[in-house]
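Take a look at the structure below.
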Amino acid sequence: TTTPSETKLTSAEVVQITKDTNYGTWRYQKGWNPLHIVDAEGCYITDGNGKKYLDFSSQLMCMNLGHKNPAVIASIAKQAEELAYAMPGYATTTRAELSKLLLEVLPKGLNKFFFTTSGTDANEAAFKIARMYTGKTKIIARYRSYHGSTSGSIAATGDPRRWAMEPRGKGPGIIFAPEVNCYKCPIKHTYPTCGIACVDYLEHMIRNESDVAAVIVEPIVGTNGILVPPSEYMPRLRKICDEYGVLMIADEVMAGWGRCGTWFAMDLWGVTPDILTTAKGITSAYVPLGLCATTEKIGDFFQDHYFSHGHTYEAHPMTLAPAVATIKEMQRLGLVERAKELEPFVEEKLQALKAKHRSIGDVRGKGLFWAVDLVKNRETKEPFNTYVDKVSGKPLVVDQIAGKLAADGVMIQAWVSHIVIAPPLIVTKEELEKGIDALDRHLSIAD
Ligand code: PLP
């Protein structure tokens, strides 16, 4: 017999083995030197050397409850003891509990649920549903959007993460509309005199294309720069979709779950999409879970039509239990209201930062979901780097700033030419100040 090795890997060994044996997106390319994370609690992460970091972007904008929430941890342990797994076709108590809670928090009218294991496959499900339900093929997506990494969801991704898959991976029937970006309008208009020309453009596309099944939007665009549409945009898009019989899909993978100061970003405008996809904050990222929610009418369509989509891990009890605990914790702690209350505080701080640093072209956001957009020149709004630099592996100015912040004890997500501020919703004013002050110290790299 052999006895299991008691030897604990050193931090250096952990990093080396990880580097030697793993591959993936550009994060893992040449020069990848991952930090060894050993512990996390609340808004803080600890590395293998005992150094603590303020988690200022909730990892990938997903740990909304913060780390080590006791109720979520207990829910996982309890579920494992009671029922670790049952086939998707069975009813489970956890699934019923979660469905009841979803009816409380989702935009009214969304009451049929399909549980996936990520945001990517929630969107994959949404596309299939839209195509089967309407009998049409084309999906209109927008540039500067991200919808996931499987064949269908990457094909609908408007940002250049799609490029590596083209032409082989380009799914049929996806067409792109201009994004909504009032800071740097892709069709060179100015709000409000534009009359929301970008949504008129979308209508023009629908009118001039045959066979359009759906439009997919991130209600507030996430990784591509926290792009907040003007208040008229979503209600107008809803009307257009209704007029032309096109389904509206809201991808709330990142923007949902209190991040924008409302349960879902669509609540900001009181608009109910036909399909809402989400993941991340649904379990505060404690376990992988995604959701594709639809109206009753669409859900019922699949009572007598075979939905060719399903997974072994669909509605997995171990993923649903922490979602129940997450929603209850968010309600108990009043985190949606908290994100709303902290919004003016963050806005004021970031506007002050903008007044001080000429490299900041714009700050924008909602709730606890903000971007600091960096430019070489405020007049021309030229960014420091572009996607071409990112794809080519050229060092980015925002990554240098993020590196300095990490050395200073603040972890932040940086993307092409902007920085994302999205701390756990439990963050305190003092912690917000701490993170923004650290950013203030290191923006000189860009000024
Ligand atoms: N949609 C949006 C808006 C996202 O931000 C993401 C991930 O960041 C996805 C979809 C894909 O979700 P996942 O990474 O869970 O597959």
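All of the numbers you see were taken from the coordinates with simple rules; none came from a lab. The model shown is predicted, which means the values in this text are computed figures rather than measured ones. No Cβ is skipped: glycine too gets one built from the backbone with ideal geometry, and neighbour counts run over all protein chains shown.
Take every pair of alpha-carbon atoms less than 8 Å apart whose residues are at least six positions apart; their mean separation over the length of the range 1-145 yields a relative contact order of 10 percent.
Measuring max minus min along each principal axis, the C-alpha atoms of the range 70-333 give extents of 57, 40, 36 Å (largest first). Around the Cα centre of the chain, unit charges on the Cβ atoms of Lys, Arg, Asp and Glu (plus for the first two, minus for the last two) sum to a dipole of about 760 debye.
A crude spin-label estimate for the pair THR150 and SER210, with each label 7 Å from Cα along the Cβ direction, gives 3.0 nm. Amide H contacts of HIS36 (H built 1.01 Å from N, in plane; Pro and chain starts excluded): GLY48 sit under 5 Å, all sequence-distant by 5 or more or on other chains.
Only one residue of PHE113, TRP269, PHE302 has its Cα farthest out toward the positive end of the dipole of the range 70-333, where Lys and Arg carry +1 and Asp and Glu -1 on Cβ, and that residue is TRP269. For the pair the range 363-384 and the range 1-62, the centres of their Cα atoms are 30 angstrom apart. Histogrammed with a bin width of 5 Å, the alpha carbon distances of the range 333-439 distribute as 2, 12, 21, 24, 19, 11, 7, 2, 1 percent, first bin at zero. Rounded to the nearest Hz, the phi-derived 3J(HN,Hα) couplings of the range 221-235 under the Karplus curve 6.51 cos²θ - 1.76 cosθ + 1.60 (θ = phi - 60°) are 5, x, 3, 7, x, 6, 8, 9, x, x, 4, 7, 4, 5, x, where x marks glycine and proline.
Give me the dipole magnitude in Debye, nearest 20, for the range 383-447 about the Cα centre, with unit charges on the beta carbon: positive for Lys and Arg, negative for Asp and Glu. All intermediate terms of the calculation are to be shown ahead of the outcome.
Numbers: 6 positive and 9 negative charges, 46 e Å.
Computed charge dipole of the range 383-447: roughly 220 debye.
Most fluctuating residue of HIS189, HIS316, HIS147 in a GNM of the chain with Cα springs under 10 Å: which is it? Result for the chain, Cα springs under 10 Å: HIS189 fluctuates most. Computed from backbone phi with θ = phi - 60° and the Karplus coefficients 6.51, -1.76 and 1.60, the 3J(HN,Hα) list for the range 215-220 is 10, 10, 9, 7, x, 10 Hz; x is used for glycine and proline.
Find the relative contact order for the chain and round it to a whole percent, using C-alpha pairs within less than 8 Å whose residues are 6+ positions apart. All intermediate terms of the calculation are to be shown ahead of the outcome.
On the way: 841 pairs, mean separation 92.7, N = 447.
This gives 21 percent for the chain.
Grouping the Cα pair distances of the chain into 20 Å bins from zero gives a pair-distance distribution of 24, 59, 17, 0 percent in increasing distance order.
With the biggest extent put first, the Cα atoms of the range 25-134 measure 51, 36, 28 Å across the principal axes.
Shown in residue order for the range 381-391 are the 3J(HN,Hα) couplings computed by the Karplus curve 6.51 cos²θ - 1.76 cosθ + 1.60 at θ = phi - 60°: 6, 5, x, 5, 9, 10, 4, 4, 4, 5, 5 Hz (x for Gly and Pro). When the Cα positions of VAL246, TYR53, TYR387 are compared along the charge dipole of the chain, TYR387 comes out farthest toward the positive end, with charges on each C-beta of Lys, Arg, Asp and Glu.
Listed peptides 196-203, 208-215 appear in the order 196-203, 208-215 once ranked by packing, highest mean of other Cβ atoms within 10 Å at the front.
Counted by neighbouring Cβ atoms within 10 Å, the residues LYS100, LYS328 run from fewest to most as LYS100, LYS328.
Placing unit charges on the Cβ atoms only, positive for Lys and Arg and negative for Asp and Glu, gives the range 70-333 a dipole magnitude near 440 debye about its Cα centre. Ranking ILE129, GLY290, SER151 by Cα position along the charge dipole of the chain, where only Lys, Arg, Asp and Glu carry charges on their C-beta atoms, puts SER151 farthest toward the positive end. The reciprocal of the average 1/r between distinct C-alpha atoms defines the Kirkwood hydrodynamic radius, which for the range 222-374 equals 17.5 Å.
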